[in-house]
Amino acid sequence: MSRKANESSEKDSQVGYTEKLVSVNRIAKVVKGGKRFSFSALVVIGDGKGRVGFATGKAREVLDAVKKASERARRQMIRVPLRESRTIHHDVTGHFGAGRVVLRAAPAGTGIIAGGAMRAVFEVLGVQDLVSKCIGSANPHNMVRSTFTALQAMMSPRVIASKRGKRVSDITSRRQSSQDSGK
């Protein structure tokens, strides 16, 4: 490993990224002398403050596959707007392939209600309260990708207000009045 790559990995660990291994697949290639195994790893990485990324890595050893995936995930991180640094701003759906996810904002104290691969994404993202449902495929790759399409579709009130030519208080006041009428 080159010195420059070593320095960058140390710098990233100092920044405070958390990474979660979502799934590992073992691939067997049959050759003349027997079988050759390689591994594919799906990794999710985030800073706990609204930035998250995912990637896959393939190698002969599990640790090398995880290392490749985490380096690739750091380069492909996206920023997700969070409300009060604990939940998402609005309900959103996302899909990839046969996998569909529904993400719903939740009141404080709810916790993360999600399964498998989606839970890993939300934990590294820094979300504390969220309700989600996986519909269709439960394949970890499809779940992570559909969760990311949903998160990329998320818009903060500031962005919505600027698109509509209104003030942020006009957008958020509607949210408050709709929550009060629901109680």
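Rule-based calculations on the coordinates, nothing more; no lab input. This structure is a prediction, so every number in the text was calculated from the model and none was measured. Glycine also receives a Cβ, built like all others from the backbone with ideal geometry; neighbour counts cover every protein chain displayed.
Observations on the model:
- Residue order, fewest to most beta carbons within 10 Å, for M143, M154: M154, M143
- Ranking of R104, R79 by count of other Cβ atoms within 10 Å, fewest first: R79, R104
- Taking 7 Å steps out from each Cα toward its Cβ at K166 and R26 produces label points 5.6 nm apart.
- If R0 is 30 Å, the Cβ-Cβ spacing of A138 and S85 corresponds to a FRET efficiency of close to 0.55.
- Bins of 5 Å, starting at 0 and running to the largest distance - Cα pair percent for the chain: 1, 8, 14, 18, 16, 14, 11, 8, 5, 3, 2, 1, 0, 0, 0
- Charge context of G136, other residues only, Cβ under 15 angstrom, K/R +1, D/E -1: +3
- Selected from F122, F54, F37 as most flexible by GNM, with the chain as the system and alpha-carbon contacts under 10 Å: F37
- Low-density loop cleavage sites - trypsin sites (Lys or Arg not before Pro) in the stretch 11-68, where at most 16 other Cβ are within 10 Å (DSSP): K32, K49, R60
- Largest GNM mean-square fluctuation across S23, S40, S173, computed for the chain with C-alpha springs under 10 Å, falls on S173.
- In sequence order, calculated HN-Hα J values of the stretch 23-40 (Karplus, 6.51, -1.76, 1.60; Hz; x Gly/Pro): 8, 10, 10, 9, 10, 10, 10, 8, 10, 4, x, x, 10, 10, 9, 9, 10, 10
- Residue exposure sequence - I112, I135 - by fewest surrounding Cβ within 10 Å: I135, I112
- Ellipticity estimate at 222 nm from DSSP helix runs (n ≥ 4, -39,500 (n - 2.57)) divided over the chain, nearest 500: -12500 deg cm²/dmol
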